[in-house]
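Engineer: Handing you a structure now.
The values are calculated or read from the model by the stated rules, or taken from the named source; none is laboratory data. Fair warning: this is a prediction, and the values are worked out from it, not measured in the lab. Heads up, the Cβs are rebuilt from the backbone with ideal geometry, glycines too, and the neighbour counts pull from every protein chain shown. These accessible areas exclude ligands, DNA and RNA; they are computed on the full protein's heavy atoms, side chains included. Shrake-Rupley method; radii C 1.70, N 1.55, O 1.52, S 1.80 Å.
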Amino acid sequence: MNKLTIYFGIILLLLISIFYLYSSNAQQSNNNFNFGDFYIYIPENWEKIEHIGIDSYVGGITNGTDSLTFDYGWYSYDLSYENGEKQLFATDTINGKIALITKPKKVGYGTIGLYIENAYKKNHFNLLGNNISDEKTVFEIFKSIKFKDSDTTSNSKTIEFSEKITPYSGRSLFYTNCLCLSS
């Protein structure tokens, strides 16, 4: 072999190595996972979970300790059965979508979740977890959800929680307008 062939081989090997390192780092730093009609930013130590649904698309994400599951379809759970005595509630705008959000009054002891009634093409969406202590990360994940028709310029800065269930369902209206009158 001549020196030119050896140099060419070394340069080619270096270029392949650089390309491999760049592409693997790009995948790790870009954690916007595509779930079809929507995207979710997942922190580096979290991964996608596959589930099998019957009448909707279901799946989730996990870091090995905490897990969030989603349901995207016509019959997604709307948080209406969450206990108003143990939960806090908020309505927020996430990338142009109105979302109902709940979290436990005592961090790590209850449901943390998000529900979007008009997610995309008449489908509803929820993302739920139980007994999660790292609420900050979960709220960052919630704020990252984007559907194909999302307006990323329309977001609130902070989520304001209250003890009243946000008027989003019949049960919510009852808790807000009837039950609270007696307290």
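Engineer: Residue by residue through segment 82-101, note down the ones that are touching a residue at least 24 places away in the same chain (Cβ under 8 Å) and in a strand (DSSP E or B).
Structural biologist: GLN87, LEU88, PHE89, ALA90, THR91, ASP92, THR93, ILE94, LYS97, ALA99, LEU100, ILE101
Engineer: Also, I was wondering about something else. So LEU68 passes all but one of these: (1) open to solvent by less than 70 Å² (accessible area, probe 1.4 Å); (2) modelled with pLDDT under 90. Which condition number does it fail?
Structural biologist: (2)
Engineer: Of all residues in segment 123-134, how many are under 12 Å from the mean Cα position of the chain (by Cα) and either closer than 23 Å to GLY96 by Cβ or surrounded by fewer than 18 Cβ atoms within 10 Å (Cβ to Cβ) (or both)?
Structural biologist: Within segment 123-134, residues that are under 12 Å from the mean Cα position of the chain (by Cα) and either closer than 23 Å to GLY96 by Cβ or surrounded by fewer than 18 Cβ atoms within 10 Å (Cβ to Cβ) (or both) number 4.
Engineer: Separate question: Condition first: assigned to a strand (DSSP E or B) and either basic (Lys, Arg) or open to solvent by 80 Å² or more (accessible area, probe 1.4 Å) (or both). Now tell me which residues in segment 42-55 satisfy that.
Structural biologist: GLU47, LYS48, GLU50
Engineer: Quick one: PHE89 ticks every box in (1) under 20 Å from ILE159 (Cα atoms); (2) open to solvent by less than 10 Å² (accessible area, probe 1.4 Å); (3) under 16 Å from the mean Cα position of the chain (by Cα) bar one, so which box is it?
Structural biologist: That leaves (3) as the condition not met.
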